[in-house]
Amino acid sequence: MPIARFLLILAALVAMAFEAAGPLSSEANSQGGMSDPAGVGQPPLRIGVLVPQTGALSTFGPDYINAANLAAQEINAVGGVNGAQVLIVTGDTGTSPEQGVAEAERLVSIEGVVAIVGAASSGVSLAVAESVTIPNGVLQISPASTSAALTQADDNDFLFRTAASDNAQAVVLAQVVAEDLGLSSVCDMHVNNAYGLGLAATFADKFADLGGTVKASVPHDDAEAISYLAELTDCTAGDPQALIAMSYPTGQATVYLREALEGGLIDNFVFVDGTKSSSMFESLGWENFDGMLGTAPGTLETAFGDAFDDAFLAKYGAVYSSPFVREAYDAVVAIALGAAAAGTNTDSAAIRDNLRGTVNAPGTVYGPGEDGIAAALAAVAADEDIDYQGASGPVGFDENGDNPFGSVDVWQVDACNRSLFTIRNVRVDLEAGETKTSDEFMRLGIAGDVNGDDMANSIDAALILQFNAGLLGSLPCADGADVNGDGSITSIDAALVLQFSAGLLGNLGGPPPAAGTSVDVSLTEFVVEPSVASAPAGSVTFNVSNDGVIFHNLVVVATGLPPDGLPTDDATFTVDESQVDIAGSTAYLDPGETEELTADLAAGSYVLICNIPTHYEVGMAVAFSVE
């Protein structure tokens, strides 16, 4: 037997012997803590977090580790899993398949982890899966690997991901390049691994469907380099209108973007999640990229996500800047719920077998945070069906371990404020091949036209976000900040924009319909979307459709309270209907189902809600008035 293998086995046996004598806790590696002091429960639920702390994606790793530790802290604060604490053990992939495999071997053979959250890079995740987790029967959930190659992996159902496939990003990226930017020819430079190759190929197909041409698709080595001039020359030889940077920031995109600018080869760029890096733009000069667009797998804006962001800020004193941070948190919680349902902290296959049952619909919805996790664990203990709705949005795994629904952000470089901000979020249904914009400011069409060009588009979105971000002092450096066109930037402009962004879109939908006409209401994940904001007194018919992927219903509440101010029942996570005046309600609607609701409404204020447990609390409410 090779000496290295012997030492690994010996170390694992020693670790097991110590754990049998009593659980250990390493503060250097973990924020989890000890198992229950009485020793009644099982050993700790040991979860490896295998992410890049060095290498081309080194800026992403610390945020992922912080998110995982936050999840462990919240789980442990409510009693842990199966009578024991969650123990987080970290590993550094170095953004390298070789180092990732070596660290995964350590986590499994020496640290004894029952599951791994990671890696970030798709190439590293696949290498770890093929060499370590699949052969050893260890559950692996990547929060950030987006290559379509993970879907095709022969993984014996041990490889999952909370991030959406790059197929979703490629669809939206093609739309951004062809429709938002109006470009017909581009080139791309992409990292020569599963992530870069998959994204580049799928983008080229989708861009061609929209009439565009990729003049050159140039791969470069996965390792860092000091120059990419040869690849850059090949990419720009055909005089493309823009270069799409599908690489990692450190030692890759930072290098060739600087060479492109300094050599005058090209100065128009489009970015993706791998190049969504504030530190990269800082080092290259924000002014060189002002207004340029990018895409990245995103998250739905929900109360659950907002609560996670608040908790992250409170714990670490800063907001995270990397993509997929919420997905890292959700991966840890999903593993914990699967372990609770399986009744084991050590049997990885059993945890895997219970994973879908605790995060997929149907079931009672539970969210993140201490209260949500405690309620979810209690429901699991009572053998109830649960549907975990995470910090990143609905968490679900199909037969391939993929999230079937993608959420993609379209983002922009704001040199004025030295920041990256989201213009809009697009939901992608990969099974149906459909996209749907979920921006609140675009829901009422022309009402979102802030700059007066008869279109509600990304320019309007940028203006809205600049005002709403509390950055009034820096508005003069943004073109179009003069919303009302009087030649100056004042509080009047801010007031106009804040109407859009304060959740009062219902008041911007134009004149009310004539008496007796109907109102169309669409229910999607955490959104109640009426076609108008008000109606005349009398008989009002609501044509209600569930356009989401989970159960919804519509309840019309007559109230002078704001949409988020209704009394709730803490035991059922619903609005307490005994304390409000219900003007009408529908039955629970399956996805795709429709129903008519007719009510005789007097003049006054109303709130339309979904009153399925937790749905109101995560934002399914909108104001509606009767004139």
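Nothing in this text is a laboratory measurement; each read-out follows from the coordinates by a stated rule. None of the values given here were measured: they were computed from a predicted structure. Here Cβ is always computed from backbone atoms with ideal geometry, including for glycine, and neighbour counts include all displayed protein chains.
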>> For the range 577-627, what does the relative contact order come out to in percent, with C-alpha contacts under 8 Å and a separation of six or more?
In response: 31
>> Can you order the peptides 321-330, 342-351 by their average number of other Cβ atoms within 10 Å per residue, highest first?
In response: 321-330, 342-351
> Remind me, relative contact order of the range 99-229 in percent, using alpha carbon pairs under 8 angstrom and six or more residues apart?
Replying inline: 20
>> Give me log10 I(q)/I(0) at q = 0.14, 0.29, 0.33 Å⁻¹ for the range 588-627, Debye formula, one equal scatterer per alpha-carbon, no solvent.
In response: -0.43, -1.05, -1.07
>> Report the gain in length on full extension from residue 578 to residue 543: 0.36 nm times residue separation, minus Cα-Cα distance, nm rounded to one decimal.
In response: 10.1 nm
>> Could you sort the peptides 218-227, 138-147 by per-residue average Cβ neighbour count (10 Å cutoff), highest mean leading?
In response: 138-147, 218-227
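Note down the magnitude of the dipole of the range 342-400 about its Cα centre, charges +1 on Lys and Arg C-beta and -1 on Asp and Glu C-beta and zero elsewhere, to the nearest 20 debye.
Working: 2 positive and 10 negative charges, 24 e Å.
That gives the range 342-400 a dipole magnitude of about 120 debye.
How much net charge surrounds residue 78 when only other residues with a Cβ under 12 Å from its Cβ are counted (Lys, Arg +1; Asp, Glu -1)?
Value of the local net charge: -3.
Treat the range 151-219 as a sphere of radius equal to its Kirkwood radius over Cα pairs and apply Stokes-Einstein at 20 °C in a medium of 1.002 mPa s; give the translational diffusion coefficient in µm²/s, rounded to a whole number. Intermediate results must be reported in sequence, preceding the final value.
Details: Rh = 13.0 Å.
In µm²/s, the coefficient rounds to 165.
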> For the range 202-309, max minus min Cα coordinate along each principal axis, in Å, sorted largest first?
Replying inline: 48, 36, 27
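If I take R0 = 41 Å and measure r between the Cβ atoms of residue 268 and residue 531 in this structure, what FRET efficiency does the formula 1/(1 + (r/R0)^6) give, to the nearest 0.05? Working shown, then result.
Values: r = 39 Å, r/R0 = 0.95.
Here the calculated transfer efficiency is 0.60.
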> Quick one: net charge of residue 235's neighbours, Cβ under 10 Å, K/R +1, D/E -1?
Replying inline: -2
> Residue by residue, what Karplus-based ³J(HN,Hα) values in Hz, rounded to whole numbers, does the range 544-555 have, using 6.51, -1.76 and 1.60 with θ = phi - 60° and x for Gly and Pro?
Replying inline: 9, 10, 8, 9, x, 10, 9, 5, 9, 8, 10, 10
>> Take residue 625 and residue 221, extend 7 Å from each Cα along the Cα→Cβ direction, and tell me the distance between the two endpoints in nm.
In response: 6.6
>> Using the basic label-point model (7 angstrom from Cα toward the beta carbon), what is the residue 347 to residue 603 distance in nanometres?
In response: 6.7
> For the range 210-260 and the range 126-171, what is the separation of their C-alpha centers, rounded to whole Å?
Replying inline: 26
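In debye, nearest 20: dipole of the range 58-140 around its Cα centre with unit charges on the Cβ of K, R (+) and D, E (-)?
On the way: 1 positive and 8 negative charges, 31 e Å.
Value, rounded to 20: 160 debye.
For residue 183, what is the net charge nearby, where nearby means another residue's Cβ is under 15 Å from its Cβ and Lys, Arg count +1, Asp, Glu -1?
Details: positive: 206, 215; negative: 179, 180, 188, 209, 239, 267.
Overall, the nearby charge balance is -4.
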>> At 0.36 nm per residue, and after removing the present C-alpha to C-alpha distance, how many nm does the segment from residue 233 to residue 315 gain when stretched out fully?
In response: 24.9 nm
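Could you work out how much longer the chain between residue 594 and residue 520 gets when fully extended? Use 0.36 nm per residue separation minus the Cα distance between them, nm to one decimal. Each step should come with its number before you reach the end.
Numbers: separation 74, 0.36 × 74 = 26.64 nm, distance 1.05 nm.
Extra length available between residue 594 and residue 520 comes to 25.6 nm.
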> Under Stokes-Einstein, with the Kirkwood radius over Cα pairs standing in for Rh, what whole-number D in µm²/s applies to the range 138-255 at 20 °C and 1.002 mPa s?
Replying inline: 142
>> Normalised by the empirical 2.2 N^0.38 Å for globular proteins, what value does the Cα Rg of the range 536-627 take?
In response: 1.04
